[in-house]
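Structure record follows, encoded as structure tokens.
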Amino acid sequence: MEFRDLKSQYLNNKTAIDNAIQNVLLDGNFIGGAAVSQLEEVLAKYVGVKYCITCGNGTDALQLALMAWEIGKGDAVFVPDFTFFSSGEVVCAVGAEPVFVDIEADTYNISAESLEKAVQYVLKKTDLQPKAVVAVDLFGQPADFERVRTVANKYGLLILEDGAQGFGGKIGRKRAGSFGDISTTSFFPAKPLGCYGDGGAVFTDNNDWAELIRSYKVHGKGKDKYDNVRIGMNSRLDAMQAAVLLEKMELFDEEIDRCNKIAEEYTERLKDVVKVPVIREGMTSSWAQYTVCFKSNEERVRAIEALNMINVPTAVYYRKPMHMQAAFEKNRMDELDYTVTEGICERCLSLPMHGYLTSSEVCCIADRLVQAVMVND
Ligand SMILES: *Cc1c(COP(=O)(O)O)cnc(C)c1O
């Protein structure tokens with residue numbers, strides 16, 4: 001069994017994807033070209049924003065946003081303590097200071113209450129200027145942008161939505177990718193919308209930022225790439241990936257619907273023995289991960305071993321809080337509280353999740369997990 005079954009997804013749509021790749025080969029335009037601009041149009045429309053700018057990966061997408069905002073030395077950027085490394089890495093890459101913030105115990109997304117405490121701490125105890133907050137749509141569910149925005153407005157913070165895992169998710173009828181002042185996503189193969197290599201995109205309604213990002217991603221170009229007006233980077237989505245993504249968009253909403261049905265089946269079978277994912281009223285998850293939480297690490301270890309014995313892969317997202325990563329040792333603020341994140345890291349486990357899991361596979365995984373937990377209760 002696969003944790004995320006990209007092969008089944010390909011075989012299910014093989015002819016269309018093969019043709020799309022073949023067309024790029026015949027066209028001979030491998031960087032840029034029609035497929036890339038077409039994809040940017042399709043994605044901007046899907047998300048409901050004015051501008052979509054594709055780039056090399058989801059990490060660059062985040063960094064490009066911080067560059068457009070001229071965030072750097074002396075600036076504080078608030079980042080959830082429970083996320084993939086990139087969300088904080090890019091803050092250091094532009095020379096600013098990441099300040100990690102604890103999460104909500106039910107959704108695992110950034111806690112607006114802890115955010116406010118962290119901002120107040122920075123204002124009182126440091127010389128840093130609070131500039132922005134990275135709100136991550138963890139495991140597919142959008143962050144609580146209403147509450148994050150209230151705190152952001154109060155302290156004049158810009159919101160950067162890290163939608164690497166959230167693409168396809170919704171709050172009401174509004175889609176992920178439209179909640180930040182700038183929002184980003186990743187097309188890494190295992191993400192909800194994945195390509196066959198690296199890829200990413202930036203979304204915004206702001207024309208000036210969109211222009212700046214289009215320049216930064218191509219060596220700080222002015223009139224063209226041989227007229228360089230600022231120091232940028234080389235971060236482009238290639239035509240082959242764009243063509244694949246255009247094909248995958250045709251099936252994307254259907255896949256998310258299937259993931260939602262699979263999540264319901266898991267939850268129905270697991271809800272009495274482990275803490276199952278909580279999706280808030282009005283929110284739709286794109287199910288980048290289906291993550292449960294055990295009573296203890298020992299119970300988690302038993303479950304991993306039991307599933308491993310029947311060839312079911314699992315993963316721990318994430319084992320280490322961001323503030324505990326060696327790379328962030330110098331950025332640690334020991335007075336801030338990370339109790340929730342520390343507890344979740346000890347006890348969480350992500351199960352296989354993708355649109356091509358069958359009901360009988362879900363039953364089999366869930367039943368084995370229940371058995372493993374009940375044995376020692
Ligand atoms: C995967 C991921 C990224 C980075 O995306 P890449 O395309 O791998 O660079 C950033 N943030 C989060 C939350 C992610 O899960």
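Quick notes
- If you plug the beta carbon distance of Val301 and Glu264 into 1/(1 + (r/R0)^6) with R0 = 30 Å, you get a FRET efficiency near 0.65.
- Our summary gives the chain a relative contact order of 22 percent, counting only alpha carbon pairs under 8 angstrom and 6 or more residues apart.
- In this calculation the C-beta distance from Asp253 to Glu113 is compared with R0 = 25 Å, giving a FRET efficiency of 0.15.
- Loop-located GluC sites (Glu not before Pro) in the stretch 253-311 (DSSP state not H, G, I, E or B) with no more than 10 neighbouring Cβ atoms inside 10 Å: Glu281.
- Spacing of the modelled spin labels on Glu2 and Ser37, each 7 Å from Cα toward Cβ, amounts to 3.4 nm.
- Among the trypsin sites (Lys or Arg not before Pro) in the stretch 161-251, those placed in a DSSP loop whose Cβ has at most 15 other Cβ atoms within 10 Å are Arg173, Lys223, Lys225, Arg230.
- For the chain, the dipole from Cβ point charges (+1 on Lys and Arg, -1 on Asp and Glu) about the Cα centre works out to 420 debye, to the nearest 20.
- Over the stretch 159-296: Kirkwood hydrodynamic radius from C-alpha pairwise inverse distances, Å: 17.1
- Cα centroid separation - the stretch 20-87 against the stretch 169-192, whole Å: 11
- Largest GNM mean-square fluctuation across Thr184, Thr126, Thr341, computed for the chain with C-alpha springs under 10 Å, falls on Thr126.
- Computed over the chain with a Gaussian network model linking Cα atoms closer than 10 Å, the most mobile of Thr107, Thr339, Thr59 is Thr339.
- Cα gyration tensor, the chain - rounded (a/c under 1.5), prolate or oblate: oblate
- In the stretch 1-30, the chymotrypsin sites (Phe, Trp or Tyr not before Pro) that fall in loop regions by DSSP, at most 16 other Cβ within 10 Å: Phe3, Phe30
- Structure remark: mean-square fluctuation, Gaussian network model of the chain, C-alpha springs under 10 Å; the largest value among Ala263, Ala135, Ala176 belongs to Ala263.
Throughout, read-outs are computed from the coordinates displayed, never taken from laboratory work. Note that the structure is predicted; figures quoted are calculated from it, not measured. When we count neighbours, we look across all protein chains shown, and the Cβ atoms used for this are built from the backbone with ideal geometry, even at glycine.
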